[in-house]
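K.L.:
Please see the structure below; I have some questions.
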Amino acid sequence: MADKLLTPLEVKNATPGAILKDGGGLFYRATAKGNGRWVFRFTSKDPGYLAAQAAKGSKSRQREMGLGGFPDVKLATAREKAQHARECVTRGLDPIEEAEREARAARLAAETAASAATFGTYADETFIPWKIKSFHNQKHIYQWKHTFTYHAKDLRSMKLADITREDILSVLEPIWEDKHVTAARVRGRLEALFDHAIQNSKYRQDNPARWELFNATLKPPQKLTNGHLSAMPWSEVPAFVAALRQRAGSGALALEFAILSASRSGEVRLARWDEFNFEQKRWTIPARRMKTRRDTKRRDHIVPLTDRMIAILEVARAHCINAPTGNDYVFPGGKRGEPMSDMTLRAVMRRMGIKDHVPHGFRSSFRDWISEETDYDPALAEEALAHQLSEVQAAYKRGQAVERRRVMMEAWGAYCDGRVGQGKTINVIPM
């Protein structure tokens, strides 16, 4: 009489300690309700196993092979594994020994494939997709990809397993002095890639990009004040703005607009015409483009437009060959339909002889001016900078206080124009 086959429900409801037979040597041992182990019983013909049994004084030829645990291994899968094991027995093979041989072959194949993988292939197909899956900022995504396609381009054709500390040094040394911040970030990203490769058994040596291997060769990473990019002192901003207005081009316009609005350069470069309401004198930056990830609360950021900011926008509109559409960039790049490059504003400053400060630093200049020269509420300045407020501040403010910020930004614009002397407390009273 043929063995009665099990049903999935019988397996699921098996009493702990019960041993259920499915036929053909397949058994299920319940360890708890809904949990258990699959085993395959067979008569071994393997000479090595029989010799080992004889040495122990046993004549038993019976063996059990584990096929996995339930519920991870379902009944149908256990039957497939048992069938494969029976076929091995029929061919005179020990299925346990055969499974171990197949596992060794798979490991060897994986190690061979890993050693043959190039740095570029691993970066493009494995590491970068894993790394950026939680990124929301397109600039950050671009920077990580750029590290492995441009800065580390000399490594791309090399086998990942063969890369050494000297290879990493050859990438870092040419840019360590002139582009120190970039070089330090490149090293950190390379270290992250090799950490990933080591943990996934694709690189079997110590991480060749860790800082401890270079701290006696390369200068230590420079620490910027308060962890921020170098900012121009607020007392120097009016003179700089005056010089900036003597320069032509969209880059100079975009930089001045960023200074007057205290906005991030990326928010200015990616601004589109349909974000501006000239009647209400407001610029609405979509939440998806905000660094603070306000889109988690579906909140856009509103920037009040001053008269000078509107004048800049009008000049930018006049620069357009054709009348711009709402989806066009306000400050377009060199290629049609592309935004201005993130290096354009920095290049404007360099051409003006400013090498110690960066565009992003003007946000700090604005914040310092507010703190040191005015009586404006610090929380209002934080809102203007689109910083993430504390829970208490956020609960208290409730809104973005656009009109109150308009007065503050008009005062900042007046200061940048040189219409308000240095060292004087600003106290603008709205009419």
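K.L.:
Filter segment 299-319 down to the residues that are more than 14 Å from W412 (Cβ to Cβ) and assigned to a loop (DSSP other than H, G, I, E, B) and list them by number.
P.N.:
Within segment 299-319, R299, D300 qualify.
K.L.:
Is it the case that segment 324-331 has a residue that's more than 18 Å from K139 (Cβ to Cβ), more than 31 Å from the chain's Cα centre (by Cα), in contact (Cβ under 8 Å) with a residue 12 or more places away in the chain and assigned by TED's automatic domain parsing to the domain that holds R269?
P.N.:
yes
K.L.:
So for segment 17-28 (the condition being at pLDDT 90 or above, in the same structural domain as R101 (by TED's automatic domain parsing), surrounded by fewer than 14 Cβ atoms within 10 Å (Cβ to Cβ) and in contact with a Lys or Arg (Cβ under 6 Å, 6 or more places away or on another chain)), does at least one residue qualify?
P.N.:
Within segment 17-28, one or more residues are at pLDDT 90 or above, in the same structural domain as R101 (by TED's automatic domain parsing), surrounded by fewer than 14 Cβ atoms within 10 Å (Cβ to Cβ) and in contact with a Lys or Arg (Cβ under 6 Å, 6 or more places away or on another chain).
K.L.:
Continuing with the same structure: Do we have P359 as assigned to a loop (DSSP other than H, G, I, E, B) and at pLDDT below 80 here?
P.N.:
No.
Condition check ((1) part of a helix (DSSP H, G or I); (2) under 17 Å from the mean Cα position of the chain (by Cα); (3) among the polar types (S, T, N, Q)) across all residues:
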position: F127; (1), (2), (3): yes, yes, no
position: I141; (1), (2), (3): yes, yes, no
position: L169; (1), (2), (3): yes, no, no
position: V181; (1), (2), (3): yes, no, no
position: A192; (1), (2), (3): yes, yes, no
position: D195; (1), (2), (3): yes, yes, no
position: K202; (1), (2), (3): no, no, no
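K.L.:
Does A184 meet the test of being out of contact with any Cys (no Cβ under 9 Å at 6 or more places or on another chain), surrounded by 14 or more Cβ atoms within 10 Å (Cβ to Cβ) and not assigned by TED's automatic domain parsing to the domain that holds A287?
P.N.:
So A184 fits the description; yes.
K.L.:
Which is exposed (fewer than 15 other Cβ atoms within 10 Å of the Cβ), among the β-branched types (V, I, T) and not assigned by TED's automatic domain parsing to the domain that holds D342, of T217, T126?
P.N.:
When all the criteria are applied, what remains is T217.
K.L.:
May I pose another question? Testing A54 on (1) part of a helix (DSSP H, G or I); (2) under 51 Å from the mean Cα position of the chain (by Cα); (3) loosely packed, with under 14 Cβ neighbours inside 10 Å, one condition comes back false. Which one is that?
P.N.:
Among (1) part of a helix (DSSP H, G or I); (2) under 51 Å from the mean Cα position of the chain (by Cα); (3) loosely packed, with under 14 Cβ neighbours inside 10 Å, A54 violates only (2).
K.L.:
V73 - would you say it is over 30 Å from S201 (Cβ atoms), in contact with a strand residue (DSSP E or B) (Cβ under 9 Å, 6 or more places away or on another chain) and of a type in the set (V, I, T)?
P.N.:
Against the criterion (over 30 Å from S201 (Cβ atoms), in contact with a strand residue (DSSP E or B) (Cβ under 9 Å, 6 or more places away or on another chain) and of a type in the set (V, I, T)), V73 does not qualify.
K.L.:
Counting only residues that are outside any helix (DSSP H, G or I) and modelled with pLDDT of 90 or more, which one in segment 67-100 is farthest from the chain's Cα centre (by Cα)?
P.N.:
Within segment 67-100, the match that is farthest from the chain's Cα centre (by Cα) is L67.
K.L.:
Let me ask something additional. Counting only residues that are hydroxyl-bearing (S, T, Y) and under 24 Å from the mean Cα position of the chain (by Cα), which one in segment 143-167 is surrounded by the fewest Cβ atoms within 10 Å (Cβ to Cβ)? Explain how you work it out, then say what you get.
P.N.:
Initially, segment 143-167 is screened for residues hydroxyl-bearing (S, T, Y), giving 147, 149-150, 157, 164.
Okay, now just the ones that are also under 24 Å from the mean Cα position of the chain (by Cα), so 147, 149-150.
On the way: T147: 23, T149: 14, Y150: 9.
In this case the residue turns out to be Y150.
K.L.:
Another question, then. Among the residues of segment 355-370, is there at least one that is polar (S, T, N, Q), in contact with a Phe, Trp or Tyr (Cβ under 6 Å, 6 or more places away or on another chain) and within 15 Å of A411 (Cβ to Cβ)? Full working, then the answer.
P.N.:
First, the residues of segment 355-370 that are polar (S, T, N, Q): 364-365.
So of that shortlist, the ones also in contact with a Phe, Trp or Tyr (Cβ under 6 Å, 6 or more places away or on another chain) come out as 365.
From what is left, the residues that are within 15 Å of A411 (Cβ to Cβ) are 365.
Yes, some residue in segment 355-370 is polar (S, T, N, Q), in contact with a Phe, Trp or Tyr (Cβ under 6 Å, 6 or more places away or on another chain) and within 15 Å of A411 (Cβ to Cβ).
K.L.:
When segment 226-270 is examined, which residues are found to be of a type in the set (V, I, T) and over 10 Å from F362 (Cβ atoms)?
P.N.:
V268
K.L.:
Take the conditions in contact (Cβ under 8 Å) with a residue 24 or more places away in the chain and within 13 Å of G266 (Cα to Cα) and apply them to I302. Does it pass?
P.N.:
Judged against the criteria, I302 is not a match.
K.L.:
Follow-up question, since we're still on this one. Restricting attention to segment 9-26, does a residue exist that is assigned to a helix (DSSP H, G or I), within 19 Å of D72 (Cα to Cα), out of contact with any Ser or Thr (no Cβ under 7 Å at 6 or more places or on another chain) and of a type outside the set (A, V, I, L, M)?
P.N.:
Yes, that holds for at least one residue.
K.L.:
Mind checking which pairs have a first residue in segment 133-152 that is in the same structural domain as V186 (by TED's automatic domain parsing) and under 26 Å from P286 (Cα atoms) and a second that is assigned to a helix (DSSP H, G or I) and of a type outside the set (A, V, I, L, M, F, W, C), Cβ under 6 Å, 6 or more apart or different chains?
P.N.:
Matching pairs, first to second residue: K139/G266.
K.L.:
Can we say R350 is more than 22 Å from M409 (Cβ to Cβ) and either of a type in the set (D, E, K, R) or over 28 Å from the mean Cα position of the chain (by Cα) (or both)?
P.N.:
Spelling it out, R350 is indeed more than 22 Å from M409 (Cβ to Cβ) and either of a type in the set (D, E, K, R) or over 28 Å from the mean Cα position of the chain (by Cα) (or both).
The values are calculated or read from the model by the stated rules, or taken from the named source; none is laboratory data. It should be emphasised that the depicted structure is a prediction, and the values quoted were computed from it without experimental measurement. Methodologically, a virtual Cβ is constructed for each residue, glycine included, from the backbone with ideal geometry; neighbour enumeration extends over all protein chains shown.
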